[in-house]
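Nothing in this text is a laboratory measurement; each read-out follows from the coordinates by a stated rule. Note that the structure is predicted; figures quoted are calculated from it, not measured. All Cβ positions, even for glycine, are placed from backbone atoms using ideal geometry, and neighbour counts span all protein chains on display.
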Amino acid sequence: MTTFNRRATSIAALALATIWASPALADDTTGENETAPRSDIVVTAAQLREAVVAGKADIPLIETPQAISVVSASDIEARGVTRLSEALRTVAGVSRSTTYGFYDASTIRGFDAAYGSVYLDGLVNEAGVGFNQELSAVEQIEVLKGPSSMLFGQAPLGGLINLVSKRPRDEAFVKVTASTGSWNLVEGTIDANAPLNASGTLLARINLTYRDADSFVRNSAINRIFAAPAITWRPGPDTTLTVLGRYQRDHDSPISPVPSYGTVLPGVIAIPEDFSINNAGDLRVVNNRDRVQIGYVFDHRFSDALSFSQTLRYTRRKEFWDRWMFAAGFLDASGQPSYDADFNEVPTATIGRYYYGPYNATDKDLAVDNRLKGRFKTGGIEHEWLAGLDYRQNRQTYFSGGDFDATRFPLSLVNPNYNLPYDTSQVSGSPGASKSHQTGVYIQDHLKFGDLFTLTLGGRYDWADSSGQKDDAFSPRVGATMKLVSGVNAYASWSKSFLPQLYSQQVAGFDSAGNPIGGPVVPERGKNIEAGLKFAPEGLSLSGSLAVYQLIRQNVTTADPVYLDFVVVTGEQRSRGIEAELRWQPRPGFDLSLAYTYVDAKVTKDNFFTVGAPLSNVPKHNIGAFAQYEVQSGPLAGLGANLGVSYNSKRNGDIYSTRPDGSVLLWLPGYTLVDAGLSYKHDGWGLQLTVANLFDKRYWPDTGGIDRVTPGNPRNWRLTLSKQI
């Protein structure tokens, strides 16, 4: 065992010892040194007895016939994470997907949800493009599993992720943090809140973030400036208007995935962990994005039985990237693609690369959701009804260029020359524009038969149009819950999903020069059957859920392996699985989260892929665990420790390379990651140290194909000093 691994083991042991020993130390401490128990520890069993923003109605989670998980801002802070994928490690049913190995991307219940699955305050956020969400201004993350088209219209079959913005509060406070860490991390955040008048009817809050860091991959870095102001106006006891703004400026040099040969598969050269596909210095990849958002949430209560809400947001996004290189096979000694007689790729010591860029795009998005909610009774049945009308629109203009002759951009795996100028003489591109919009109407009735049984009936109709391609669909949902004992409910549901392929085209023919011509793709449809248990017993700091489901996805599109700007329709895929989550707080200050997922996701009908082939980037088994303890009283009050463990079993890395007999060429190996942390809080001050991937496990969390394997982060640390006033 190396010296650092011995130290890593010591850190993990110290975290465990603190978690388990500190309660005893606190209990044995009495007398004049004893202080009052801390009040900032949240009892999360109450979450199942509350509603979520993404539910659009005031229905407690325990009465909602759908699996929904919640990750709070305090959870995110305790884990010391800044990426969405890291925050969701203890959410059953969610694992890593891929968008170039750089952007946030997830699979939910076995299906890719990289695009169009992330919402902000109930409205879609960045549909159809890659993006890294900022979590410093997020109050909680809500993960809705299974089809949610009945409430949201077009959405991935596997589920969606809703981020809830931090909003102004009644009390005044300021929290400032400063962080440093691996790869020259420099980060600062401010969260400031204050009433603006004596009556408390006008409140303001602002979240500011600056983050700059290099990467473990050479020639890569990130730089972000983020601001999220919010103002709440309460003109009366029944009316609230909250205006929410966001500005995010990213100037990044992103990583690019690496070939599977030499990493996951044997190759001529073992590719090192820090190997870069992109050049250095003035030739570095550039990825700049500026995004401005402004919107509001309006709520008005006419009476105890009737209320109206409206959420609206406008987004303007400008994006530019250039010199973004991607591996594209191997080159032989003559500089040509390296294949054997059967046209199988033969690894060498030199790779070819595609040149992506320049790319310029301006997007303008508008989204609005109107909701009317009410309550009434018919006999002994209580009705909680919801009716809504929503609309969203996207307008985009762009210029997309590149050079996809890989032989013009060779790179040695042995001695890469990152300062060799690119030959851009053949880079070409073209402008384009698109416009899409969707209108949907929906209605839901939640019927409650005493305190034993509920029935939820809902339906939605959508009309979608993308540059002349018109689609419409009806998306129903039926669900029921039954109380088994106090605080324990069984549920079952059936629902369908609808996803127009608004940003996809398949090859419909060829022009006289042999270039492909795009045509519309039929909408994706899906259906879900689900049953499970939810429990949050009164008086116990214990909550959890168990779900069993089957999802069938039809008219699925995936990237065309020949014409990269197009997709192919593969037929039908099916996912069956089991999800289990547990949240337990056996004593004040101690919190344990556990999640287990089993997924069997595969192709069931197809004219191109092998029937029975497992879907890409889907581990059959996934486990997440996080334990934390903070001493509540005595001389050690404020001392805390945490320990996180996540496990992903092996995954099919490339459905395209699945052989006709069903065997898989590219298995991403399974991996286990251990994270640990120590913290201390006193008199408004806080100090937190987190170490991720404590034992420096080399792993590959996702892949976009045989030439695009994403390297996982090696061991890294983060130290944060905070002060709350």
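Before moving on, here are some points about what is shown:
- An oblate overall shape is assigned to the stretch 137-216, the ratio a/c of its alpha-carbon gyration tensor axes (a ≥ b ≥ c) being 1.5 or greater and a/b not exceeding b/c.
- Inverse of mean 1/r across different Cα pairs in the stretch 49-163, Kirkwood, Å: 14.1 Å
- Cα centroid separation - the stretch 53-75 against the stretch 343-399, whole Å: 20 Å
- Overall form of the stretch 578-725 per C-alpha gyration tensor (a/c, 1.5; a/b vs b/c): prolate
- Take every Cα pair under 8 Å whose residues are at least 6 apart in sequence, average their separation, divide by the length of the stretch 422-554, and the relative contact order is 17 percent.
- Along each principal axis, Cα extent of the stretch 575-641, largest first, Å: 68, 17, 10
- In a reduced charge model with +1 at each Lys and Arg Cβ and -1 at each Asp and Glu Cβ, the stretch 176-310 shows a dipole moment near 260 debye about its Cα centre.
- Exceedance of the 29 Å cut-off in Cα-Cα distance is limited, within the set Lys56/Lys448; Lys496/Lys605; Lys364/Lys605, to Lys364/Lys605.
- As computed over the stretch 619-703, the Cα convex hull volume per residue (Å³): 97 Å³
- Neighbourhood charge, 14 Å Cβ-Cβ cut-off, centred on Pro520 and excluding it, Lys, Arg +1 and Asp, Glu -1: -3
- Distant alpha-carbon pairs in the stretch 297-436 (separation over 23 angstrom), percent: 62 percent
- Each Cα pair under 8 Å and six or more residues apart adds its sequence gap; the mean of these over the residue count of the stretch 527-657 is a relative contact order of 18 percent.
- Positive-end residue, the chain charge dipole about Cα centroid, Cβ charges, pick of Asn184, Val522, Pro711: Val522
- Rounded to whole Å, sorted largest first: equivalent-ellipsoid semi-axes of the stretch 130-267, Cα gyration tensor: 37, 24, 10
- Annotation: extensible slack from Asp342 through Leu389 equals 11.3 nm (criterion: 0.36 nm per residue apart, minus Cα-Cα distance).
- Cα-Cα separations in the stretch 411-509 greater than 17 Å, expressed as whole percent: 73 percent
- Distances between every pair of Cα atoms in the stretch 358-434, grouped in 5 Å steps from 0 to the bin holding the largest one, split as 3, 10, 11, 10, 9, 8, 7, 7, 6, 6, 5, 5, 5, 4, 3, 1 percent.
- Each Lys and Arg adds +1 at its Cβ and each Asp and Glu adds -1 at its Cβ; summed about the Cα centre, the chain shows a dipole of about 600 debye.
- Extents of the stretch 264-322, largest first, come to 72, 31, 12 Å (Cα atoms, principal axes, whole angstrom).
- Mean separation of Cα contacts under 8 Å, 6 or more apart, over the residue count of the chain: relative contact order %: 14 percent
- Diffusion coefficient of the stretch 445-493 by Stokes-Einstein, Kirkwood radius over Cα pairs, 25 °C, 0.890 mPa s: 188 µm²/s.
- Cα-based Kirkwood hydrodynamic radius, the stretch 515-614, one decimal, Å: 16.8 Å
- Label corresponding to Rg and Dmax of the Cα atoms in Å when calculated from the structure given, among (1) 26.0, 90; (2) 28.5, 93; (3) 28.9, 99: (1)
- Spin-label pair Tyr461/Lys318, simplified geometry with 7 Å Cα→Cβ offset, distance in nm: 4.2 nm
- Look at the dipole of the stretch 365-518 built from charges on Cβ: of Leu386, Asn489, Ser475, the Cα furthest out on the positive end belongs to Asn489.
- Alpha-carbon centroid distance for the pair the stretch 541-604 / the stretch 471-496, whole angstrom: 18 Å
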